[in-house]
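Only one structure is covered here, and it is reproduced in the block below.
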Amino acid sequence: MAERKPIESWLTDMDGVLIHEGVPIPGADAFIKKLRETGKPFLVLTNNSIYTARDLHARLARMGLEVPVENIWTSALATAKFLDDQRPGGTAYVIGEAGLTTALHDIGYVLTDHDPDYVVLGETRTYSFEAMTKAVRLINAGARFICTNPDETGPPWRARCPPPARSPRSSPRPPARSRTSRASRTR
């Protein structure tokens, strides 16, 4: 068997690995402390785009996990990096919260609902019909569509997304019921 190369850096997920439903996983604090002591580069990853890395740093610190801001990488930061690589200084219509809008502002993007280069869908606690309708219209008009997280499930305190609607033509029809009148039934 080949000898393993030494570990040069670490990537770890945050949700479900370091914390679960706002509570640190047993041993998470010791793991983070050991990573910091080794001096090896590490990143804590999350597919949640709601919060900035600074917000998450504060939340983790309240739980006893000391993760430097520069060691937190969110799906909002990854999305912003991707868009900056694709079209530096572009424009976007955004459905999302501070984590996403801050990341896009930081790379120089202008947020607009007038002929944007991209429609960016992030996680939010409030999706509005008006915002989603506007997004669809902008996409139909030529804006590229990007999602920060394609998961159809979220944290356990949120309901699972409903399955896609079926077309009435593809749905089996219930059997027709007899429509005899009351008068014909009583005869």
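Taken together, the values in this text are just the output of simple stated rules run on the coordinates, not laboratory data. These numbers were taken from a predicted model, which means no experiment stands behind them. No Cβ is skipped: glycine too gets one built from the backbone with ideal geometry, and neighbour counts run over all protein chains shown.
Summary of packing: across the peptides 76-89, 124-137, 31-44, the per-residue average of other C-beta atoms within 10 Å ranks them, highest first, as 76-89, 31-44, 124-137. About its Cα centre, the stretch 64-149 has a charge dipole of approximately 300 debye under the convention of +1 per Lys or Arg Cβ and -1 per Asp or Glu Cβ, with nothing else charged. Placing dummy labels 7 Å off each Cα toward the beta-carbon, the span from T133 to A78 is 3.3 nm.
Between amide H atoms placed 1.01 Å from N, distances below 5 Å from R144 occur with Y118, V119, all of them 5 or more places distant or on a separate chain. Maximal additional length on extending the R59-E3 stretch stands at 16.2 nm, based on 0.36 nm per residue less the C-alpha distance.
Between T38 and T124, the contour length at 0.36 nm per residue exceeds the alpha carbon distance by 27.3 nm.
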